[in-house]
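Enquirer: Before I ask anything, here is the structure I am working with.
The values are calculated or read from the model by the stated rules, or taken from the named source; none is laboratory data. Please read these numbers as outputs of a predicted model, since none were measured by experiment. We place every Cβ from the backbone using ideal geometry, glycine too, and count neighbours over all the protein chains shown. Heads up: the accessible areas ignore ligands, DNA and RNA and are worked out on the full protein's heavy atoms, side chains in. Shrake-Rupley method; radii C 1.70, N 1.55, O 1.52, S 1.80 Å.
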Amino acid sequence: MRAVDDACREAPALSVAVPVFNEEEVLPVLAARLRPVLDGCGEPYEVLAVDDGSNDRTPLLLEELRAAWPQLRVVTLRRNSGHQAALTAGLRRARGAYVVSIDADLQDPPEVIPEMLALARTQGLDIVYGVRGDRSTDSGFKRRTAGAYYRLMRRLAGAHVPAQAGDFRLLSRAVVDTLKTLPDQQQIYRLLIPWLGFPSGQVAYRRAERAAGTSKYPLHKMVLLAFDSITGFSAVPLRLATAIGALSSVVCLGFLVWALVVYATGSPLPGWSSLIITMLFFGAVQLFCLGMLGEYVARIHTAVQGRPTYVVARDTGEEER
Ligand code: UDP
Ligand code: MG
């Protein structure tokens with residue numbers, strides 16, 4: 001697969017990678033807005049739509065669009081592998097000198113792409129983040145959870161993670177090639193890319209509402225993303241277990257001294273309920289720590305198996321060669 005991925009002969013100036021999962025409502029709107037912007041740049045480009053195992057009319061629509069839009073390339077994954085895996089497929093297969101990743105739902109405006117490209121070129125930047133200046137169209141819940149997520153990530157993964165930067169960004173060929181050297185495992189790009197340390201800039205934009213269709217990120221996927229982000233970038237939770245252990249030893253020691261003093265002074269010791277509460281409390285703490293350990297073991301398990309995060313069924317860009 002590497003040989004296929006690495007084959008970049010006639011490299012366009014720009015690749016736009018779009019993960020697409022059951023987006024039949026939004027695809028025609030996306031094409032209608034994205035194409036004029038890219039045609040207007042006046043440079044060779046390709047759009048890589050990565051069909052992440054859609055089971056609606058998305059594959060059909062992509063075929064239809066492709067017939068009239070020669071720059072559209074469709075990469076089809078065998079099964080639904082998740083947003084980040086679809087993004088990986090897009091980044092790995094993109095041939096452009098610059099690669100922009102953008103969601104299909106038009107929450108991130110394609111009109112910003114030429115601005116990103118110009119900024120990267122004039123300032124010699126390798127990364128340009130699209131930063132959500134205004135999220136007033138997102139729900140209060142989404143805003144609050146996103147705010148908490150970015151605060152936590154800045155603490156865990158370091159201050160270089162730009163706040164409010166999602167997966168709308170421009171990368172240079174150098175960054176994409178560096179990403180390709182990393183092992184094929186679930187990557188959280190919004191943390192990994194800042195961590196690489198390439199020179200970067202930002203373009204602010206207003207996050208719009210989804211143009212059509214519904215969110216493909218239900219709560220459980222958001223929770224999973226948060227878990228993957230934490231365990232992928234920080235061993236702090238593991239050390240937390242050590243800290244809790246140390247703290248409870250001190251508390252226990254305190255109780256022991258107190259119990260001895262009470263016993264020595266001859267007053268009766270209060271019994272059952274305090275005992276059971278303490279036992280349950282420490283049982284819970286132990287299970288909690290074990291669970292956290294389990295999260296890391298599960299990730300080691302997945303990494304050791306070495307299965308690819310996605311399998312490509314078809315790449316129209318390869319067929320045309
Ligand atoms: N997506 C994907 N695979 C999935 C879930 C989502 O490729 O399993 C794509 C989806 O089509 C969209 C992008 O990832 O282009 C972001 O998803 P969505 O807009 O539903 O997320 P939200 O903006 O609600 O967080
Ligand atoms: Mg969206």
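Enquirer: How many residues does region 187-215 contain that are open to solvent by 40 Å² or more (accessible area, probe 1.4 Å) and either closer than 17 Å to V131 by Cβ or in a loop (DSSP other than H, G, I, E, B) (or both)?
Expert: Within region 187-215, residues that are open to solvent by 40 Å² or more (accessible area, probe 1.4 Å) and either closer than 17 Å to V131 by Cβ or in a loop (DSSP other than H, G, I, E, B) (or both) number 12.
Enquirer: Checking L253 against (1) more than 16 Å from ligand 2 (Cβ to nearest atom); (2) out of contact with any Pro (no Cβ under 9 Å at 6 or more places or on another chain); (3) open to solvent by less than 70 Å² (accessible area, probe 1.4 Å); (4) in a helix (DSSP H, G or I): exactly one of these is not met. Which one?
Expert: (3)
Enquirer: Something else: Would you pick out the residues in region 216-231 that are buried (at least 17 other Cβ atoms within 10 Å of the Cβ) and part of a helix (DSSP H, G or I)? Quick ask: steps written out before the conclusion?
Expert: Let us first name the residues in region 216-231 that are buried (at least 17 other Cβ atoms within 10 Å of the Cβ), namely 216, 225, 228-231.
Of everything in region 216-231, those that are buried (at least 17 other Cβ atoms within 10 Å of the Cβ) and part of a helix (DSSP H, G or I) turn out to be L225, D228, S229, I230, T231.
Enquirer: Output the number of the condition that L125 fails; it satisfies all remaining conditions of (1) hydrophobic (A, V, I, L, M, F, W, C); (2) within 15 Å of ligand 1 (Cβ to nearest atom); (3) in a loop (DSSP other than H, G, I, E, B); (4) farther than 15 Å from E209 by Cβ.
Expert: So L125 meets the others, but not (2).
Enquirer: Also, quick follow-up: Tell me, please, whether a residue that is more than 16 Å from ligand 1 (Cβ to nearest atom), closer than 24 Å to Q187 by Cβ and of a type outside the set (D, E) can be found in region 208-223. Break it down into steps so the answer makes sense when it comes.
Expert: First, pick out the residues of region 208-223 that are more than 16 Å from ligand 1 (Cβ to nearest atom): none.
Checking region 208-223: not a single residue is more than 16 Å from ligand 1 (Cβ to nearest atom), closer than 24 Å to Q187 by Cβ and of a type outside the set (D, E).
Enquirer: Also, quick follow-up: Any idea which residue in region 48-74 is most open to solvent (accessible area, probe 1.4 Å), counting only those that are within 15 Å of ligand 1 (Cβ to nearest atom) and among the charged types (D, E, K, R)?
Expert: R57
Enquirer: Now a separate question. Of all the residues that make up region 92-103, how many are under 18 Å from the mean Cα position of the chain (by Cα) and open to solvent by less than 10 Å² (accessible area, probe 1.4 Å)?
Expert: Total meeting the criteria: 4.
Enquirer: Shifting gears a bit: Scan (1) touching a residue at least 60 places away in the same chain (Cβ under 8 Å); (2) within 19 Å of A11 (Cβ to Cβ); (3) assigned to a helix (DSSP H, G or I); (4) not aliphatic (A, V, I, L, M) for the single condition Q84 breaks and write down its number.
Expert: (2)
Enquirer: Still on this model: Go over the candidates L152, L77 one by one and state the one that is in contact (Cβ under 8 Å) with a residue 60 or more places away in the chain, surrounded by fewer than 18 Cβ atoms within 10 Å (Cβ to Cβ) and hydrophobic (A, V, I, L, M, F, W, C).
Expert: Working: L77 fails: surrounded by fewer than 18 Cβ atoms within 10 Å (Cβ to Cβ).
L152 is the lone residue from the list that is in contact (Cβ under 8 Å) with a residue 60 or more places away in the chain, surrounded by fewer than 18 Cβ atoms within 10 Å (Cβ to Cβ) and hydrophobic (A, V, I, L, M, F, W, C).
Okay, residues lined up against (1) in a helix (DSSP H, G or I); (2) farther than 17 Å from T316 by Cα; (3) within 16 Å of ligand 2 (Cβ to nearest atom):
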residue	(1), (2), (3)
S15	no, no, no
P28	yes, yes, no
P36	yes, yes, no
S54	no, no, yes
P70	no, no, no
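Yes/no per residue for (1) buried (at least 20 other Cβ atoms within 10 Å of the Cβ); (2) among the charged types (D, E, K, R); (3) more than 20 Å from the chain's Cα centre (by Cα):
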site: A86; (1), (2), (3): yes, no, no
site: D105; (1), (2), (3): yes, yes, no
site: P109; (1), (2), (3): no, no, no
site: L119; (1), (2), (3): no, no, yes
site: Q123; (1), (2), (3): no, no, yes
